[in-house]
Amino acid sequence: MVLPLLGLLIRAPWADAWQVITSEGALQALRLSLITATAATGLAIVLGVPLAWLIARPGLRAAGVLRALVTVPLVLPPVVGGVALLMMFGRTGILGRPLYELTGFSLPFTPYAVVLAQTFVALPFLVLSVEGALRAADRRFEEAAATLGARPMTVFRRVTLPLVWPGLAAGAVLAWARALGEFGATITFAGSFPGTTRTMPLEVYLALENDLGAALLLSVLLLVVSIAVLAALRERWVNRW
């Protein structure tokens, strides 16, 4: 696990670090990656928490099917996921065509496509983490709140969410990290346009074709940002709870 990371640090041309890292392309790609990964994590929370709650409910016959569908992006090649998104939301896609005909808006090759691609690959991490926390939580607290007259939404907001908060925080961190490093689905569904859809992984890939030193330095930058954010979030949220 450590040796490949050491390879990056040892082979990186540190004398050119400031020039490469502060270049306009690198800063644009890093800014876009941070913004889209955060947006994708927020969307994953909105979609994933209710889905995890549904899967974790006892007695749901379709729970196994739903769980299997949720885990598909974990084993599906990211490029195939990008193609699937393109077939559904592209200008000639099943949902993309009527959307384009009604509004004139085409989703692919826009920052929104980046967010959607990142959400597609990051959602399973959040759903599985929250589902595990829900299954491990003591349901007697929810039953007691319902017995005392609390409405289902109140029980969910005041009892269930605090119980599963560590799992939710951990899932959000994992989803954010996965979204930050997404490459295959993004380049297939959103393309690689500077300042619009070219995230940091795409910038590293393009630099690798022309300038190995710049690719190594950009990889180190992405590595440092990922580790720093993950460590900060873990110390503040996961360990706290």
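Quick notes on this structure:
- To put it simply, the accessible area of the chain at a 1.4 Å probe is 69 percent carbon and sulfur.
- In terms of its alpha-carbon gyration tensor, segment 1-111 comes out oblate; a/c meets the 1.5 threshold, while b/c is at least as large as a/b.
- Cα-based shape type of segment 183-229, given that a ≥ b ≥ c are square roots of the gyration tensor eigenvalues and the cut on a/c is 1.5: oblate
- At a probe radius of 1.4 angstrom, the accessible area of segment 1-125 per residue rounds to 59 square angstrom.
- Axis of helix 78-89 versus longest Cα principal axis of the chain: the two differ by about 70°, to the nearest ten degrees.
- Computed 3J(HN,Hα) for segment 123-131, one whole-Hz value per residue from the Karplus formula 6.51 cos²θ - 1.76 cosθ + 1.60 where θ = phi - 60°, is 4, x, 4, 6, 4, 5, 5, 5, 4, glycine and proline marked x.
- Helix 200-210 axis, angle to the chain major axis (alpha carbon atoms, nearest 10°): 20 degrees
- Subtracting the Cα-Cα distance of ILE227 and THR71 from 0.36 nm times their residue separation leaves 53.7 nm of extension gain.
- Based on DSSP H segments of at least four residues, each scored -39500 (n - 2.57), the chain has a per-residue ellipticity at 222 nm of -23500 deg cm²/dmol.
- Under 5 Å between amide hydrogens, built in the peptide plane, is the criterion, and for ARG198 it picks out PHE193 among residues at least 5 positions away or on other chains.
- Highest-fluctuation residue, ARG31, ARG135, ARG61 considered, GNM on the chain with Cα pairs under 10 Å: ARG61
- Cα shape, segment 102-241, gyration tensor, a/c 1.5 rule: oblate
- Stokes-Einstein D in µm²/s, Kirkwood radius over Cα pairs - the chain at 37 °C with 0.692 mPa s viscosity: 167 µm²/s
- Of all the options ALA175, ALA44, ALA133, the one that moves most in a Gaussian network model of the chain with Cα springs shorter than 10 angstrom is ALA133.
- Where a label projected 7 Å from the Cα of ILE10 along Cα→Cβ would reach, residues of segment 203-234 with amide N under 20 Å: 212-221, 223-224
The values are calculated or read from the model by the stated rules, or taken from the named source; none is laboratory data. From a predicted model like this one, the values you see are computed outputs, not experimental measurements. Cβ atoms come from the backbone with ideal geometry, glycine included; neighbour counts cover every protein chain shown. Quick note on the areas: whole protein, heavy atoms, side chains included, nothing else; ligands and nucleic acids left out. Shrake-Rupley method; radii C 1.70, N 1.55, O 1.52, S 1.80 Å.
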